[in-house]
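The values are calculated or read from the model by the stated rules, or taken from the named source; none is laboratory data. Since this is a predicted model, take the numbers as computed values, not measurements. Cβ placement follows ideal geometry from the backbone for every residue including glycine, while neighbour counts extend to all protein chains displayed. Side chains included, ligands, DNA and RNA excluded: accessible areas come from the protein's heavy atoms. Shrake-Rupley method; radii C 1.70, N 1.55, O 1.52, S 1.80 Å.
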Amino acid sequence: MSFFGKMFGGKKDVAPTTGEAIQKLRETENMLIKKQEFLESKIEEELNIARKNASKNKRVALQALKKKKRLEKQLQQIDGTLSTIEMQREALESANTNTAVLTTMKNAADALKAAHKNMDVDNVHDMMDDIAEQQDVAREISDAISNPVAFGADLDDEDLERELDELEQEEFDKKVIGIPEPNVTLPEVPADEMPEKIPEKKKAPAPATLTAEEENDPDMKQLLSWAN
């Protein structure tokens, strides 16, 4: 059995957690700090004894200085021990922080893995394609509803544009060119009674004339004489 095994009873104890080890180190630090303060006060006492007896009792003064030296050596050892404990505690605290961070990250990774357990990339792509397709269908339905198919379908756009051009030309003629619109006025009705219409004399018909052949015809001559 090893030396440390004999010292600790030969049992293989379970290693403490980082939190427990940090707590033990802090308790040890507090104990060493208190001993450090005690040694500093004892060193100051021995130094005062040496000062008082420097001229009166040299032997007592030398004994006081020797004791002061031993106390200073103990104080120096405690200072080194405190430095070592402090570094070990800081290392454990850093390890404890890293452990907590890693544990949190592992838990987050496990949760993310569980969330994606029932998900498949191909299924997600298919779902997004279905969503896009339904959006296209909804857009087509909206366009169909908003299109006035049953209203004004029998109107010809060309006829409407032609009529609009004519109206615009009219407005242009009125405002820019200044063509006045014709005023239709009726003649005034005279107040006096209208004179009776004098019958016109019928003109006597012009005497009939005969051609050369008709002049030689006796019947035509007789007819002409009757007519005149």
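Taking all protein chains as shown and a probe of 1.4 angstrom, D157 keeps an accessible surface of around 100 Å². Computed with a 1.4 Å probe on the full set of protein chains, the accessible area for F172 sits at about 100 Å². Between L62, T28, L75, the Cα set farthest toward the positive side of the dipole of the range 18-120 (charges on each charged residue's Cβ, about the Cα centre) is that of L62.
The separation of the range 105-146 from the range 15-34, counted between C-alpha centres, amounts to 55 Å. Net charge dipole, the range 1-135: roughly 2720 debye, given to the nearest 20, about the Cα centre with Cβ charges of +1 for Lys and Arg and -1 for Asp and Glu. Taking 37 °C and 0.692 mPa s as conditions, the range 18-120 diffuses translationally at an estimated 185 µm²/s according to Stokes-Einstein applied to its Kirkwood radius (Cα pairs). With a 1.4 Å probe rolled over the protein heavy atoms of all chains, the accessible area of L164, L65 falls in the order L164, L65, largest first.
The N48 and K73 beta-carbon pair, evaluated with R₀ = 30 Å, returns a calculated FRET efficiency of approximately 0.95.
In this structure, the pairs whose alpha-carbon distance is over 21 Å, taken from K34/K66; K35/K73; K34/K58, are K34/K66; K34/K58. If only the Cβ of Lys and Arg carry +1 and only the Cβ of Asp and Glu carry -1, the dipole of the range 44-118 around its Cα centre is close to 740 debye.
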